[in-house]
Amino acid sequence: MAKLFDKILIANRGEIACRVIRTARRLGIRTVAVYSDADAAAVHVEMADEAVHLGPPPAAQSYLLGEKIIEACKATGAQAVHPGYGFLSEREWFAKALDDAGIAFIGPPASAIAAMGDKIESKKLAKAAGVSVVPGFVGEIADTDHAAKIAAEIGYPVMMKASAGGGGKGMRLAWSEAELREGFDGVRREAKASFGDDRVFIEKFVEQPRHIEIQLLGDKHGNVVYLNERDCSIQRRHQKVVEEAPSPFVTPDMRRAMGEQAVELAKKVGYFSAGTVEFIAGADRSFYFLEMNTRLQVEHPVTELITGLDLVEQMIRVAAGEKLSFGQADVRLEGHAIETRFYAEDPYRGFLPSTGRLTDYREPAAGNGVRVDTGVVEGSEISMFYDPMIAKLITHAPTRIEAADLQIAALDRYYVRGINHNADFLSALMQHPRFRAGETVTTAFIAEEYPDGFTGAPMDPARLPALLAIGAVIGRAAANRAAHVDGQLGGDGEAGTDWVLELDGEQHRVTVSANGKGTRVLVDGEALSVETTGRIPPFGVVEARVNGESLAVQVDRRATSFRLTHAGRQHIMRLLTPRAAELQGHMLPKVAPDLSKYLLCPMPGLVVSIAVAQGDRVEAGQVLATVEAMKMENILRAEKGATVSKLHAKAGDSLAVDAVILEFE
């Protein structure tokens with residue numbers, strides 16, 4: 001067995017840097033972190049044994065500076081570099097530069113990165129090797145006219161993709177020539193900004209597709225195995241949202257065929273370390289090669305949970321020269337694992353990115369099938385300069401439905417404030433009948449099921465009495481605190497027992513009284529027993545047992561009400577005395593201000609372009625402006641016909657959320 005490294009440097013940030021550090025610690029390997037100005041107080045910097053500053057926040061001035069990372073290795077004595085994913089993980093020149101400096105790259109050989117890391121070249125190689133590929137144009141595209149000619153020959157719909165891309169960036173679907181012409185330059189700009197390479201290729205878009213990928217692991221002695229598949233079909237804007245293993249769609253024969261094809265392709269390019277071959281599968285279970293990611297994937301934890309392997313450990317051992325300690329016949333497939341990506345974005349506002357400080361951060365308890373991979377703590381900053389992922393929530397259970405139910409329960413207990421996040425949306429996905437059935441989930445799932453946006457998970461009527469009972473206990477505890485503060489109650493006095501609970505505008509009669517160690521709540525005549533754990537907070541997670549069933553409800557106190565969040569839905573609750581409820585009907589509703597005459601910036605971001613001028617007449621759907629946030633371009637369109645009366649922003653301006661870009665007459 002080869003000797004492992006004494007010290008490694010992690011050329012990345014956030015959750016993946018923390019993930020690598022945890023495995024290195026377990027193996028007795030010291031670690032070196034690198035960081036930008038924005039990450040000076042980041043968790044990965046604190047976790048590592050040493051840390052080296054790289055530069056300003058933009059990745060091009062810090063995390064993409066390979067020369068500085070090599071200097072950091074020499075200065076700290078790091079013998080190897082783990083690149084994580086993104087940044088320098090698939091840069092051939094970086095792997096070569098490390099080799100020239102006598103530093104091991106914990107990843108594949110530079111020749112394999114060159115052959116498979118470039119999407120255009122990898123398709124040419126796969127086609128020459130007899131691998132089934134999606135019809136498309138794999139050469140370089142000169143300009144928009146050339147792109148339109150290619151797309152017409154392939155046939156719409158087509159997908160435009162950055163050649164050096166990944167992570168869902170630099171991708172756009174076009175159903176017509178007009179959409180292609182509108183989007184082609186945007187894809188190029190995104191590609192240049194994210195990867196420093198503006199080459200784009202075009203391929204036929206397979207309708208009703210599923211995104212299936214095969215995890216590979218190879219050593220330097222010619223051994224390559226496949227570690228089953230992952231289903232990554234649930235995506236939004238080509239960014240994966242949910243990943244699971246195994247796929248509910250893949251049969252054993254299909255798994256073997258895809259795996260063997262992926263292994264053969266890897267062997268042809270002399271591949272070693274962890275890597276992933278991605279396929280697109282049609283409804284008839286035919287599959288086509290898309291690309292090979294010559295790095296560790298974001299979604300690798302689901303493979304780890306069903307196989308029992310630590311992929312980061314395996315990468316380190318392979319880089320040190322060890323042979324794989326197992327063969328294909330030894331690969332396990334136990335239970336079902338699901339990963340959801342916990343993003344800093346607002347699903348109630350079109351999934352707009354959210355930046356800021358995590359004023360509250362409490363994870364669900366790890367263990368019993370729940371795992372959280374993150375790089376943040378309470379007080380951490382979600383920056384506009386990097387990917388908006390806060391954490392990955394992974395669950396593992398004997399069956400797929402049990403793994404999904406663990407996700408729902410864990411999301412109820414994942415309390416994050418200070419920024420907007422997508423926990424409610426993830427919970428709604430786990431509860432969706434089509435997801436739970438599994439068979440008909442495609443990459444169009446989110447667009448098909450939420451065409452008008454997300455407004456919260458549907459309320460299960462069977463859960464309403466329990467939610468009302470917990471809400472009554474929460475509201476009465478707050479009433480008791482207020483009464484004690486006001487001096488209205490002395491000693492152990494309690495507020496009244498008869499109340500009217502208003503939930504989302506609907507009123508319910510509740511009676512709250514002590515019942516041994518718990519509370520007896522009468523909800524519209526139905527008696528329920530509620531037991532809570534510890535003191536009921538004015539905000540945070542309330543753990544309760546209602547008639548013996550364990551539930552968690554997130555509570556946030558407002559001026560005169562509470563926001564209760566449970567099972568992917570937010571509710572506004574007020575607990576009123578009967579007299580206050582009677583008078584409630586006489587209160588005038590608050591009228592929201594009319595903002596329809598303004599185009600507001602929907603997220604903090606950089607204005608890329610303004611497409612109109614003062615005095616222009618615009619029609620519904622017309623492009624007004626493009627704003628870049630978290631490395632993604634967002635096109636803002638007119639909601640109705642109007643005339644532009646004034647411009648308040650110009651290209652290059654950095655705007656805050658809800659800043660006025662322009663106004664209409």
query = For residues in the range 293-316 being in a loop (DSSP other than H, G, I, E, B) and over 20 Å from the mean Cα position of the chain (by Cα), which is farthest from G327 (Cα to Cα)?
reply = T294
remark   = Filtering the range 636-665 down to residues that are surrounded by fewer than 16 Cβ atoms within 10 Å (Cβ to Cβ) and either among the aliphatic types (A, V, I, L, M) or within 20 Å of K169 (Cα to Cα) (or both) yields A651, A656
ask   = Can S247 be described as among the polar types (S, T, N, Q), part of a strand (DSSP E or B) and either crowded, with 21+ Cβ neighbours inside 10 Å or at pLDDT below 95 (or both)?
value = no
query = Looking only at strands (runs of 3 or more DSSP E) that fall completely inside the range 596-660, which ones have 3 or more residues that are under 27 Å from the mean Cα position of the chain (by Cα)?
reply = 605-610, 623-629, 632-637
key: From A281, A257, residue being crowded, with 23+ Cβ neighbours inside 10 Å, of a type in the set (G, A, S) and out of contact with any Ser or Thr (no Cβ under 8 Å at 6 or more places or on another chain)   = A281
ask   = Within the range 395-406, can you find the residues that are among the small types (G, A, S) and either modelled with pLDDT under 95 or surrounded by 21 or more Cβ atoms within 10 Å (Cβ to Cβ) (or both)?
value = A403, A404
inquiry  = Please count how many residues of the range 496-511 are surrounded by 15 or more Cβ atoms within 10 Å (Cβ to Cβ) and either outside any strand (DSSP E or B) or among the acidic types (D, E) (or both).
reply    = 1
query = Which of the residues spanning the range 168-221 are within 20 Å of D118 (Cβ to Cβ), aliphatic (A, V, I, L, M) and in a helix (DSSP H, G or I)?
reply = V187, A191, A193
inquiry  = Pairs please, first residue from the range 284-311 and assigned by TED's automatic domain parsing to the domain that holds D330, second anywhere and among the hydroxyl-bearing types (S, T, Y) and surrounded by 22 or more Cβ atoms within 10 Å (Cβ to Cβ), Cβ atoms under 6 Å, 6+ apart in sequence or on different chains.
reply    = E291/S122; M292/S122; N293/T276; R295/S89; Q297/T276
ask   = For T519, all conditions in the list (1) in a strand (DSSP E or B); (2) under 30 Å from Y361 (Cα atoms); (3) modelled with pLDDT of 95 or more hold save one; what is the number of the exception?
value = (3)
message = Only one of E190, E213 is in contact with a Ser or Thr (Cβ under 6 Å, 6 or more places away or on another chain), among the charged types (D, E, K, R) and either free of Cβ contacts under 8 Å to residues at least 60 places away in the same chain or crowded, with 17+ Cβ neighbours inside 10 Å (or both). Can you tell me which?
response = E213
Hits in the range 128-158 (condition: in a helix (DSSP H, G or I), touching a helix residue (DSSP H, G or I) at 6+ places or on another chain (Cβ under 6 Å) and not small (G, A, S)) = T144
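If a residue counts only when it is in contact (Cβ under 8 Å) with a residue 60 or more places away in the chain and of a type in the set (D, E, K, R), which helices (runs of 4 or more DSSP H) contained entirely in the range 4-122 have at least 3 such residues? Write out each step before concluding.
On the way: elements: 14-26, 43-47, 66-76, 92-100, 110-116.
Because the criterion is at least 3 residues that are in contact (Cβ under 8 Å) with a residue 60 or more places away in the chain and of a type in the set (D, E, K, R), the helices (runs of 4 or more DSSP H) in the range 4-122 that meet it are 14-26.
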key: Single condition V530 does not satisfy, out of (1) within 30 Å of T455 (Cα to Cα); (2) assigned to a strand (DSSP E or B); (3) out of contact with any helix residue (DSSP H, G or I) (no Cβ under 6 Å at 6 or more places or on another chain); (4) aliphatic (A, V, I, L, M)   = (3)
key: Output for the range 590-610, where each listed residue is over 14 Å from A659 (Cα atoms) and surrounded by 15 or more Cβ atoms within 10 Å (Cβ to Cβ)   = V608, S609, I610
inquiry  = Can you tell me how many residues within the range 321-354 are surrounded by fewer than 20 Cβ atoms within 10 Å (Cβ to Cβ) and in a loop (DSSP other than H, G, I, E, B)?
reply    = 13
request  = Scan the range 181-238 for residues that are within 25 Å of the chain's Cα centre (by Cα) and small (G, A, S) and jot them down.
outcome  = G183, G186, A191, A193, S194, G196, S233
inquiry  = Given the criteria among the hydroxyl-bearing types (S, T, Y) and in contact (Cβ under 8 Å) with a residue 24 or more places away in the chain, does T440 qualify?
reply    = no
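The values are calculated or read from the model by the stated rules, or taken from the named source; none is laboratory data. Predicted model, so just to flag it, every value in this text is computed and none were measured. Glycine gets a Cβ as well: all are built from the backbone with ideal geometry, and neighbour counts include every protein chain shown.
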